[in-house]
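The values are calculated or read from the model by the stated rules, or taken from the named source; none is laboratory data. All of these numbers come straight from a predicted model, not from anything done at the bench. FYI the Cβ positions are ideal-geometry reconstructions off the backbone, even for glycines, and counts take in every protein chain you see. Each accessible area value is taken on the protein alone, full model and side chains, heavy atoms only, with ligands, DNA and RNA left out. Shrake-Rupley method; radii C 1.70, N 1.55, O 1.52, S 1.80 Å.
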Amino acid sequence: QVQLVESGGGLVQPGGSLRLSCAASGSIFRIYAMGWYRQAPGKQRELVAVITSGRSTNYADSVKGRFTISRDNAKNTVYLQMNSLKPEDTAVYFCNAHLTTYGSGGTRMDYWGQGTQVTVSS
């Protein structure tokens, strides 16, 4: 079994910063990529940032230059440093991991965290 647990969300004023963390645990064989998605009320879930095991990254255009994704492979943990936050960043942020487990027979699967609320408001 695999579990992803997010933390670090909260209420922040426009222009402020937050750092999200997500730790993956369980019968993980190899993590190929981890990322952050977000979903605002009435909108579809969208990709925010992703990082591979080789530390290549991809960001949504709306967060480039403001957000930074990083990863600690030894701890199976991914982080999202969010700076210069805007009200439109308000959403539930979900952690995702693309990985294989010892029981998956080499099949890569996606796992999701429970989400953490980020609210940007004055």
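Computed quantities for the displayed model
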| item | result |
| --- | --- |
| Estimated FRET transfer efficiency when R0 is 30 angstrom, pair MET109-ALA60 (beta carbons, to 0.05) | 0.80 |
| Exposure of ARG108 as accessible area (Å², to 10), given a probe of 1.4 Å and all protein chains | 130 |
| J(HN,Hα) series, the range 74-85, from Karplus relation 6.51 cos²θ - 1.76 cosθ + 1.60, nearest Hz, glycine and proline x | 5, 9, 6, 10, 10, 10, 9, 8, 10, 10, 6, 5 |
| Å² of accessible area per residue within the chain, as computed with a 1.4 Å probe and no ligands counted | 52 |
| Partners for LYS86 among lysines (Cα-Cα distance below 23 Å; same-chain residues under 8 apart left out) | LYS43, LYS64 |
| Under-5 Å amide H pairs with GLY16, H placed in peptide plane, nonlocal only | LEU85 |
| Most to least accessible of LEU18, LEU85 (protein chains only, probe 1.4 Å) | LEU18, LEU85 |
| Largest-first principal axis extents of the Cα set of the range 42-122 (Å) | 48, 27, 21 |
| Accessible surface ranking that places the most exposed of LYS64, LYS86 first, with a 1.4 angstrom probe | LYS64, LYS86 |
| Percent carbon-and-sulfur accessible area, the chain, ignoring ligands, DNA and RNA, probe 1.4 Å | 47 |
